[in-house]
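The values are calculated or read from the model by the stated rules, or taken from the named source; none is laboratory data. The structure presented is a predicted model; accordingly, all values stated were derived computationally and were not measured. Quick reminder, even Gly has a Cβ in these numbers, built from the backbone with ideal geometry, and neighbours come from all protein chains shown.
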Amino acid sequence: MLRSVIVAALLLSPTLGAAAKYGTYPRLEVNQLQDGRYEVIEAAGFGQEGVWCAAGEYAIRALGLNRGRIYVDRPSGPALTRAGRKGIIFTTEVVAQQKSGSSSVRDRGSNLLIGHAVQFCADRSDRDDIWKSR
């Protein structure tokens, strides 16, 4: 009986095997990679602002960062963590090809301050849901 309860608890745990969702509503999927990098999975209806929002919120909520920059490590392309989808890989480490202040997710090295990235969350008409969850 105890074994069944433990197995059920592990299966229902939101942190095991499930992707975290951040950013705009409905939230975009964000998956942790190695070396502190993470991938935001693109979705229809979300442009680069939604992607930056999710990347910024992930940096704050999952990585515990309040300041600093996030960088596009790999521009939009085939996702590494979700077959058949597109994703953008972000990092908090400086990348060689910096494009400071560029909000493009199509160029490696584009980067924004974390606080700037989460401002894109407020630009969405559904922002009330986002700010209530903080």
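So if I check each of 120, 90, which one is out of contact with any Cys (no Cβ under 7 Å at 6 or more places or on another chain) and either farther than 14 Å from residue 40 by Cα or modelled with pLDDT of 95 or more (or both)? Explain how you work it out, then say what you get.
Numbers: 120 fails: out of contact with any Cys (no Cβ under 7 Å at 6 or more places or on another chain).
Criteria check complete, one pass: 90.
The residue pairs whose first member lies in the stretch 20-41 and is within 12 Å of residue 73 (Cα to Cα) and buried (at least 22 other Cβ atoms within 10 Å of the Cβ), whose second member is among the polar types (S, T, N, Q) and modelled with pLDDT of 85 or more, and whose beta carbons are closer than 6 Å, counting only pairs six or more residues apart or on different chains, are 38/32; 39/31; 39/81. Output the number of residues of the stretch 107-123 satisfying the condition of being out of contact with any Asp or Glu (no Cβ under 9 Å at 6 or more places or on another chain) and either in a strand (DSSP E or B) or within 13 Å of residue 94 (Cβ to Cβ) (or both). Counting residues in the stretch 107-123 that are out of contact with any Asp or Glu (no Cβ under 9 Å at 6 or more places or on another chain) and either in a strand (DSSP E or B) or within 13 Å of residue 94 (Cβ to Cβ) (or both) gives 4. For the stretch 39-48, the count of residues that are in contact with a Gly (Cβ under 9 Å, 6 or more places away or on another chain), over 25 Å from residue 98 (Cβ atoms) and either modelled with pLDDT of 95 or more or not in a helix (DSSP H, G or I) (or both) is nonzero.
Just so you know, in the stretch 97-106 the residues that are surrounded by 15 or more Cβ atoms within 10 Å (Cβ to Cβ) and touching an Asp or Glu at 6+ places or on another chain (Cβ under 8 Å) include one that is modelled with the highest pLDDT, and it is 103. Considered as a group, the residues in the stretch 1-38 that are in a helix (DSSP H, G or I) and in contact with a Leu (Cβ under 9 Å, 6 or more places away or on another chain) include one that is modelled with the highest pLDDT, and that residue is 36.
Scanning the stretch 65-109 for residues that are of a type in the set (Val, Ile, Thr) and within 16 Å of residue 49 (Cβ to Cβ) gives 70, 72, 88, 105. Out of all the residues in the stretch 51-80, which are crowded, with 17+ Cβ neighbours inside 10 Å and part of a loop (DSSP other than H, G, I, E, B)? Once the filter is applied, which keeps residues that are crowded, with 17+ Cβ neighbours inside 10 Å and part of a loop (DSSP other than H, G, I, E, B), the stretch 51-80 yields only 79.
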